[in-house]
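Asker: Quick one: the structure is below, questions incoming.
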Amino acid sequence: MKLFLGFIFVGSLIVLAIMFGVGHLVTRRNVGIWQRINTGISIPWFAVLGVWLLKLNANTRRASPSGGHVSLTSLG
Amino acid sequence: MIRKLLLAALIAVPICYYFALIVGAATYPGYSHVTRYASELGAADAPYPALFNVPIVIGGVAAVLTSVGVVAALRDLSGRWLWAILAGIALACWGASMVLGGMFPMPDERHVGFGLGLAGPLVPLFALLENYRMRKE
């Protein structure tokens, strides 16, 4: 996950820089492609983060005998 | 349960965006993904601007809401708040820019969301920094 997050961060920065004119790669004839590349890097990964955090959340709660919550009955 | 819902909203963000992009383009005769901005699908001269703008606003609201769940979940990884809160703030800013982008279609100057969308790339950075301090279970 660390590698993935690093890739997304660096990739987003590079494509954002290109979108802002670095390298003069973006023209009116290909702006759509570059925008799709930009959003392709910076948006779908949210779903991966969501699934990962949901799994971690579930594992944490399973690991706790009380399901992650301390209740009066579990103390007794 | 609430946290689960908030984190599930994070999964909904790309779904909303790509729904807007695909359905908006499919209903826009002559639209080119190569030469045109995605936002043009929500502009006034688009055949069905609401098909693009409404899902974008929903995705933005989902991003703002899920930022709370992301802060809580990332905080649980490391036991520390700093990077988790910063990741949540960056995500909420990005979500707010999506909401503004959908509410104020091109060429309205508010469409760019006052640059708040530039906070987006900071979310993986802050999540990564939080991840580095993950608790050893």
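The values are calculated or read from the model by the stated rules, or taken from the named source; none is laboratory data. Please read all numbers here as calculations on a predicted model, not as lab measurements. No Cβ is skipped: glycine too gets one built from the backbone with ideal geometry, and neighbour counts run over all protein chains shown. Ligands, DNA and RNA are stripped out before the accessible areas are found, and what is left, the full protein with its side chains, is counted by its heavy atoms. Shrake-Rupley method; radii C 1.70, N 1.55, O 1.52, S 1.80 Å.
Asker: Could you tell me what percent of the accessible area of chain B is made up of carbon and sulfur, with a 1.4 Å probe and every protein chain present?
Answerer: Heavy-atom surface of chain B belonging to carbon and sulfur, 1.4 Å probe: 72 percent.
Asker: Anything losing 20 Å² or more of accessible area from the isolated chain to the full protein assembly: pick those residues out of the stretch A:43-58, probe 1.4 Å, ligands and DNA/RNA ignored.
Answerer: By number: A:Ile43, A:Pro44, A:Trp45, A:Phe46, A:Ala47, A:Leu49, A:Gly50, A:Trp52, A:Leu53, A:Leu54, A:Leu56, A:Asn57.
Asker: Further question on the same structure: Please give the total accessible area that chains A and B bury against each other, computed with a 1.4 Å probe and expressed in Å² to the nearest 100.
Answerer: 3000 Å²
Asker: Counting pairs of alpha carbon atoms under 8 Å apart in space and at least six apart in sequence, what relative contact order in percent does chain B give?
Answerer: Taking the mean separation of contacting Cα pairs over the length of chain B, I get 25 percent.
Asker: Further question: Rank these residues by their accessible area, most exposed first, probe 1.4 Å: B:Met103, B:Met1, B:Met98.
Answerer: B:Met1, B:Met103, B:Met98
Asker: Hey, what's the stretch A:10-65 come to in accessible area per residue, 1.4 Å probe, Å²?
Answerer: 55 Å²
Asker: Using the Kyte-Doolittle scale, find the helices of chain B whose mean hydropathy is at least -0.5 and whose Cα atoms extend 24 Å or more along the helix's long axis, counting only whole DSSP H runs.
Answerer: Span-like helices in chain B: B:2-26, B:49-78, B:82-103.
Asker: Related question: On alpha-carbon atoms, Rg over Rh for the stretch B:1-99 using Kirkwood Rh?
Answerer: That ratio equals 1.11.
Asker: Which of rounded, prolate, oblate describes the protein assembly as shown, given a ≥ b ≥ c as roots of the alpha-carbon gyration tensor eigenvalues and a/c under 1.5 marking rounded, otherwise prolate only if a/b is larger than b/c?
Answerer: Note, shape of the protein assembly as shown comes out prolate.
Asker: With θ taken as phi - 60° and the coefficients 6.51, -1.76 and 1.60, list the Karplus ³J(HN,Hα) couplings across the stretch B:31-47 in order, rounded to whole Hz; mark glycine and proline as x.
Answerer: Result, rounded to whole Hz: 5, 10, 6, 7, 10, 10, 5, 4, 4, 5, 5, x, 5, 4, 8, 6, x.
Asker: Do me a favour and compute the ellipsoid semi-axes for the stretch A:1-40 from its Cα gyration tensor, root of five times each eigenvalue, largest one first, whole Å.
Answerer: Those come to 22, 11, 5 Å.
Asker: Moving to a separate point now. With a probe of 1.4 Å, find how much accessible area chain B has per residue, and write the answer as a whole number in Å².
Answerer: 48 Å²
Asker: Averaged over its residues, how many other protein chain Cβ atoms are within 10 Å of peptide A:9-18's Cβ atoms?
Answerer: The shielding value for this peptide is 3.
Asker: Okay, moving on. Mind ranking A:45-54, A:16-25 by how tightly packed they are, going by the mean number of other C-beta atoms within 10 angstrom, highest first?
Answerer: Averaged packing, sorted descending, gives the order A:45-54, A:16-25.
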